[in-house]
Amino acid sequence: MDIDLAALDRRSAYRAMISMIIPRPIAFVSTIGPAGNINLAPFSYFNGVSSTPPIVSISVGPKRAGHKDTRSNIKRASEFVVNVVVPELMEGVLVSATDHPPEVSELELARLTPAPSVKIKTPGVHESPIRMECALYKIVEVDGGTALILGRIVHAHIDDALWADGRVDPHRLTFVGRLGDDFYCRVNDVFEAKGKKPVSGG
């Protein structure tokens, strides 16, 4: 099967890409809306970009009319929180993935608890075991209306039970990954493969 993604319509190209790039971590992003409400939305085009400085990226696509609330809120407030998704948060993820008016608090709709941040005003999600407070670093406009948002991690909250030897122990929690369509996975089949280099790339 050979596919020219550029020849597909937007929805078909998206469906093909998310079925090929798997599994993807999910950034459950909290921002503050213009009315002071806490906006929540999941994004699976999410990853780490740099460790020094600590930069993460989320890709926010366009709405049919205008920009998504997350993008508008980050541009206005210059900050956001990335909350890591575990199975217990999936109901809230699905609730917040639905399009709601800007003044609606998805945090309240999902019946989740706000967790105060240390270095920014935007709260995180208390039920998430890992929360990354981010200051806006840069927004890169991509053709087609998508925004690649880069955030500098200025503070991190990690459940004490997960931390060992200077890092999160992957055996102590189950992350959720996004697959294609409406499929997800639990990341709990962990194996170790040691190489000559402790870092990736070459």
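For the pair region 95-150 / region 4-73, the C-alpha centres are spaced 11 Å from each other.
From its DSSP helices (H runs of at least four residues, each -39,500 (n - 2.57)), the chain gives a residue-normalised ellipticity at 222 nm of -4000 deg cm²/dmol. The peptide list 35-48, 121-134, 172-185, put in order of mean Cβ contacts within 10 Å with the highest first, becomes 121-134, 35-48, 172-185. Projecting label points 7 angstrom from Cα along Cα→Cβ for Val190 and Ala115 puts them 1.8 nm apart.
Entry note, the chain: relative contact order of 23 percent, from Cα contacts under 8 Å with a spacing of 6+ residues.
Straightening the chain between His155 and Ser12 buys 47.7 nm, computed as 0.36 nm per residue apart minus the Cα-Cα spacing.
With each label modelled as a point 7 angstrom along the Cα→C-beta vector, the Arg167-Val49 pair spans 2.3 nm. Spin-label model, Glu108/Val142: points 7 Å from Cα along the beta carbon direction are separated by 3.3 nm. Classify the chain from the C-alpha gyration tensor, please: rounded if a/c falls under 1.5, else prolate or oblate depending on whether a/b exceeds b/c. Cα axes put the chain in the rounded bin.
None of the figures in this text is laboratory data; all of them are computed from the coordinates on show. Remember, predicted model here, so these are calculated numbers, not experimental data. All Cβ positions, glycine included, derive from the backbone under ideal geometry; neighbour counts span all protein chains shown.
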